[in-house]
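Q: One structure, pasted below without further comment.
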Amino acid sequence: MIKVKEKYKDLSIDELIKYIEEMEEVIKNMRKEKNEKEILNFPWIGNLGSWNWMIKRDKVVFNEKKITNLGYTSEEIPEEVGFDFFTSILHPDDYERVMENMRDHLNNESEAFEVEYRIRTKNGDYAWYYDRGTVTKRDEEGEAIVMSGIVFDISKNKIMEKELKETNEKLKKLSITDELTSAFNKRYMYEKLNNKINCDSKNKTPFSMVMLDVDNFKFINDNYGHNVGDKVLKKISELVMNRIRSTDTFARVGGDEFMILLPNTKISNAVILAEDIKKQLNNTSVDQIDSIKASIGVTDYTDYDCVEAIIKKVDDLMYTAKAEGRNCVKY
């Protein structure tokens, strides 16, 4: 008498035949994988082997590395694993995207199930997996019966991507920032101003410019030292950046010259800001300097102004302030 495993004894002949057909498909796919080993040996990602999903029975046959890679032992892997074993430990932010990707392929709306996702490890952290699979067998009605694929651990790649992104962001910030004051630099200000002119010439929205030059800065450097001069510049930068809006652009455009680009700002409001900054500077001391003095020019954008034209206007006004006694605002 033939002994039948407990899990098979209640199956009908037709169900057993279907099960055998499914397993034949799985074996065929595994043989195909063996014959194409070189495809799986990508040196830059962790190959975790193939998987086969018998969909109607909801049984997944897979390389145990798919689970042991998550920190589990071979003994902790259930005897039978279904699709939900893996979906239950997906990162919540990735779950619906993975499910949608799978549904699209099962419904024959995409060529393959192909997705990157985070999956929870035994210790509660998340690993990044890249998964790709296709339906390899459908029934007479077109319903998917067997799906086969391959999975990789791409966590190291994701770490490298993140580090590269952070490095690029740091480099970008360095390229547009003045090292001493942490204000933007001249090149960035000119770029922002050019973009603003191109935009506002079409939209007819007002913007204003402020230019500030420290009074008697050479005297400060010569008599108190460049260290004190640097402190003055940094204090000005700190004060202005705390005073302006997040939408404004503040830049150091020369040794002791600063500019502020004020979007959607009429000249009357720009003058109020300039007067307030001058007042705060006058009430600020740095080491032996009792009060910081500055000459300030203010102008607004008018039709057909180019970058050079609006900078010349605000620069001329700043020099007018110097010529008329310093420590004042001209507009």
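Q: Suppose the filter is more than 22 Å from Asp248 (Cβ to Cβ) and surrounded by 13 or more Cβ atoms within 10 Å (Cβ to Cβ); does Ile289 pass it?
A: Criteria met by Ile289.
Q: Same structure again: Anything in segment 237-276 that is in a helix (DSSP H, G or I) and surrounded by 21 or more Cβ atoms within 10 Å (Cβ to Cβ)? List them, or say none.
A: Result: Val240, Ala270, Leu273, Ala274.
Q: State the number of residues belonging to segment 60-72 that are assigned to a helix (DSSP H, G or I) and either over 20 Å from Asn47 (Cα atoms) or open to solvent by 60 Å² or more (accessible area, probe 1.4 Å) (or both).
A: Going through segment 60-72 one residue at a time, the tally reaches 1.
Q: While we're looking at this one, here's another question. For segment 88-97, name all the residues that are within 17 Å of Lys66 (Cα to Cα) and open to solvent by less than 20 Å² (accessible area, probe 1.4 Å).
A: Correct list: Ile89, Leu90.
Q: For Glu141, all conditions in the list (1) in contact with a strand residue (DSSP E or B) (Cβ under 7 Å, 6 or more places away or on another chain); (2) open to solvent by 50 Å² or more (accessible area, probe 1.4 Å) hold save one; what is the number of the exception?
A: Result: Glu141 passes all but (1).
Q: Mind checking which residues of segment 79-114 are polar (S, T, N, Q) and more than 27 Å from Glu141 (Cβ to Cβ)?
A: Result: Ser88, single match.
Q: Of the residues that make up segment 168-183, is at least one assigned to a strand (DSSP E or B), of a type in the set (Val, Ile, Thr) and free of Cβ contacts under 8 Å to residues at least 60 places away in the same chain?
A: yes
Q: Somewhere in segment 142-156, is a residue touching a Ser or Thr at 6+ places or on another chain (Cβ under 9 Å) and aromatic (Phe, Trp, Tyr)?
A: no
Q: Moving on to the next point. Under 7 Å between Cβ atoms, which residue pairs at least 6 apart in sequence (or on different chains) link something in segment 216-232 that is under 20 Å from Ile296 (Cα atoms) and crowded, with 16+ Cβ neighbours inside 10 Å with a partner that is acidic (Asp, Glu) and modelled with pLDDT of 95 or more?
A: Note: pairs meeting the criteria are Phe217/Asp256.
Q: Tally time: how many residues in segment 292-312 are open to solvent by 60 Å² or more (accessible area, probe 1.4 Å) and outside any loop (DSSP other than H, G, I, E, B)?
A: 2
Q: Which residue is modelled with the lowest pLDDT, if the candidates are limited to segment 123-143 and must be touching an Asp or Glu at 6+ places or on another chain (Cβ under 8 Å) and among the basic types (Lys, Arg)?
A: Lys137
Q: When you look at Arg97, is it touching a residue at least 40 places away in the same chain (Cβ under 8 Å), over 14 Å from Ile150 (Cα atoms) and touching a strand residue (DSSP E or B) at 6+ places or on another chain (Cβ under 8 Å), yes or no?
A: no
The values are calculated or read from the model by the stated rules, or taken from the named source; none is laboratory data. Given the structure is predicted, the values throughout are model-derived calculations rather than measurements. A quick note on method: Cβ atoms are made from the backbone with ideal geometry, for glycine too, and the neighbour counts reach across all protein chains shown. The area values use the complete protein model at the heavy-atom level, side chains included, leaving out ligands, DNA and RNA. Shrake-Rupley method; radii C 1.70, N 1.55, O 1.52, S 1.80 Å.
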